[in-house]
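The values are calculated or read from the model by the stated rules, or taken from the named source; none is laboratory data. Because the structure is predicted, anything quoted here is derived from the model rather than measured. Don't worry about glycine lacking a Cβ; one is built from the backbone with ideal geometry, like all the others, and counts go over all protein chains shown.
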């Protein structure tokens with residue numbers, strides 16, 4: 001029985017033209033060969049499985065080929081190419097830096113560089129995973145890399161360029177390999193499937209390409225795995241089952257149920273997802289990606305950004321056409337919040353179910369009023385009430401009793417003032433009717449005054465500072481109270497607050513507000529942290545009718561500088577008592593500098 005060769009090795013590119021997804025790099029290398037401008041060292045960097053080592057081997061084989069094609073590709077028929085393809089080339093050396101990372105390994109490599117090529121033009125050294133070399137090994141390799149013999153070429157490959165010392169990077173031509181697109185991987189998988197006589201659905205190959213995350217080698221490994229699972233016919237269902245990927249039809253169904261507000265159907269479908277063994281966080285992430293794809297599908301120009309088949313693109317376009325763009329933004333915001341809170345949630349299933357509840361409730365509010373943040377400066381929406389039907393008045397001076405409803409007495413406001421009472425000559429109502437009309441008449445002015453008083457009382461309860469409006473504080477009294485409070489806090493062991501009460505200048509603003517001037521925001525936060533405690537102490541224990549305590553930041557230059565050196569202390573003493581200067585002069589004293 002023939003030994004099995006994995007697709008990643010069997011279909012490994014052997015020329016620049018067969019490299020997938022790196023056209024700019026291969027074109028640059030071919031032009032360098034054509035113009036004979038090859039650098040002495042190359043650095044190939046990029047993610048795993050994108051062709052770094054493959055391109056290094058192709059470059060090493062091509063520069064020694066004795067029969068280059070018109071496109072400057074290796075012929076694969078000359079003696080050098082055949083020896084390389086058979087693994088017998090004496091001019092190409094591959095070194096794995098992960099297992100050869102010491103100084104001795106680099107010294108052995110430097111010794112080999114002295115030997116001339118055998119039957120070729122160049123000796124090429126390919127060092128894979130070069131970032132694994134130790135700093136000492138890098139230093140031992142540095143001089144040879146900078147000035148190698150004319151026949152020596154070095155090709156370094158790594159997935160972590162940031163771990164390579166700058167002195168190595170500066171001596172290499174650096175080529176950054178990109179992740180391979182889903183479309184390119186899917187096309188290459190179609191070629192491999194056709195070569196292996198395997199029939200595969202286009203959606204299945206796209207799903208494999210998406211799962212590979214830009215690495216062609218990973219995609220070929222997954223392809224071999226699916227072939228072992230499903231045989232020579234691969235379907236989308238086979239791939240989703242084997243890779244444990246949630247079918248996109250689930251997301252379309254979830255979206256349909258959410259748009260209809262069918263919470264029960266969403267719950268049952270979520271239970272089905274869990275029974276199939278799918279991870280809830282993967283579901284939330286997949287649903288977020290689905291909503292993103294729906295947003296992209298709103299514009300025909302951006303629909304091409306979807307890395308999927310044309311049939312799936314059509315489904316996305318049809319579903320997105322039924323959804324308001326603002327609603328899609330709301331959906332994505334709710335799902336993103338759920339994803340961020342998932343790891344810290346104690347009941348993760350409940351979190352996802354609540355998220356589905358929010359989505360279903362949002363579907364019934366196209367304007368997204370519950371989601372949009374209210375602008376604090378916007379006026380409150382006014383409610384227009386329809387005017388009540390006016391009662392039929394047969395006599396201008398009287399109102400029939402039967403036309404008046406009987407609301408609670410406190411809500412009755414007489415529409416007729418005492419100055420507009422009916423004249424005596426006209427028909428007057430009976431005493432019973434008069435009593436029924438105005439059992440407890442309240443004027444509009446009295447009602448408004450009572451409402452204003454009630455609002456003021458409520459405001460005072462909400463903000464205790466309103467109780468001290470109109471009270472003027474005395475600065476001397478405030479300073480004395482602050483000194484007393486500082487002493488009390490110092491005795492209690494709270495030295496930081498005690499220092500803060502005396503260290504910063506204070507003044508009275510708005511009659512009953514104490515303003516403390518500080519130098520920076522750190523000091524401001526320090527005062528604010530104990531603001532409530534200070535207000536309670538001032539009002540309750542010290543009896544000071546203080547409305548509020550505020551902090552303001554002023555420039556350091558305007559603050560009085562503290563005296564630290566003997567000279568500064570002497571100058572400060574002179575300001576307080578000018579006789580100090582006379583004493584110093586008479587006694588011939590010196591300031592200890």
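Can you go through 16, 72, 44 and tell me which one is touching a strand residue (DSSP E or B) at 6+ places or on another chain (Cβ under 8 Å) and closer than 28 Å to residue 183 by Cβ?
44
Looking at 194, 211, just one residue is outside the structural domain of residue 43 (by TED's automatic domain parsing), in a helix (DSSP H, G or I) and within 21 Å of residue 311 (Cα to Cα), and that residue is 211. Confirm whether residue 186 is over 29 Å from the mean Cα position of the chain (by Cα) and outside the structural domain of residue 132 (by TED's automatic domain parsing). Spelling it out, residue 186 is indeed over 29 Å from the mean Cα position of the chain (by Cα) and outside the structural domain of residue 132 (by TED's automatic domain parsing). So which residues in the range 520-542 are outside any helix (DSSP H, G or I) and closer than 16 Å to residue 488 by Cβ, if there are any at all? Once the filter is applied, which keeps residues that are outside any helix (DSSP H, G or I) and closer than 16 Å to residue 488 by Cβ, the range 520-542 yields 530, 542. Annotation: residue 271 fulfils all but one of (1) surrounded by 14 or more Cβ atoms within 10 Å (Cβ to Cβ); (2) not in a loop (DSSP other than H, G, I, E, B); the unmet one is (1). Screening the candidates 55, 81 for the property of being under 25 Å from residue 8 (Cβ atoms), without any contact (Cβ under 8 Å) to a residue 24 or more places away in the chain and assigned by TED's automatic domain parsing to the domain that holds residue 20 yields one hit, 81. Selection within the range 304-314: residues that are without any contact (Cβ under 8 Å) to a residue 12 or more places away in the chain and out of contact with any helix residue (DSSP H, G or I) (no Cβ under 6 Å at 6 or more places or on another chain). The member of this set that is surrounded by the most Cβ atoms within 10 Å (Cβ to Cβ) is 314. Take the conditions (1) under 23 Å from residue 149 (Cβ atoms); (2) loosely packed, with under 13 Cβ neighbours inside 10 Å; residue 70 misses just one of them, which is (1).
Let's see how each residue does on (1) surrounded by fewer than 17 Cβ atoms within 10 Å (Cβ to Cβ); (2) farther than 28 Å from residue 206 by Cα:
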position: 255; (1), (2): no, no
position: 316; (1), (2): no, no
position: 321; (1), (2): yes, no
position: 348; (1), (2): no, yes
position: 362; (1), (2): no, yes
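Scanning the range 1-28 for residues that are free of Cβ contacts under 8 Å to residues at least 40 places away in the same chain and crowded, with 18+ Cβ neighbours inside 10 Å returns 19, 26. Within the range 174-186, count every residue that is at pLDDT below 90, over 12 Å from residue 22 (Cα atoms) and surrounded by fewer than 21 Cβ atoms within 10 Å (Cβ to Cβ). Final tally of qualifying residues: 1. Looking across the range 178-212, the residues that are more than 24 Å from residue 5 (Cβ to Cβ) and in contact (Cβ under 8 Å) with a residue 60 or more places away in the chain come down to 178, 179, 181, 182, 183, 202, 203, 206, 210.
Residues that are more than 27 Å from the chain's Cα centre (by Cα), modelled with pLDDT under 85, outside any helix (DSSP H, G or I) and under 24 Å from residue 222 (Cα atoms) occur at least once in the range 303-326.
Among the residues in the range 21-28, are any assigned by TED's automatic domain parsing to the domain that holds residue 152 and part of a loop (DSSP other than H, G, I, E, B)?
yes
In the range 136-165, the residues that are surrounded by fewer than 19 Cβ atoms within 10 Å (Cβ to Cβ) form Cβ pairs under 7 Å with partners that are assigned to a strand (DSSP E or B), at six or more places apart or across chains, as follows: 148/154; 151/123; 161/45. Only one entry in 509, 513 is over 20 Å from residue 487 (Cα atoms) and crowded, with 16+ Cβ neighbours inside 10 Å, namely 513.
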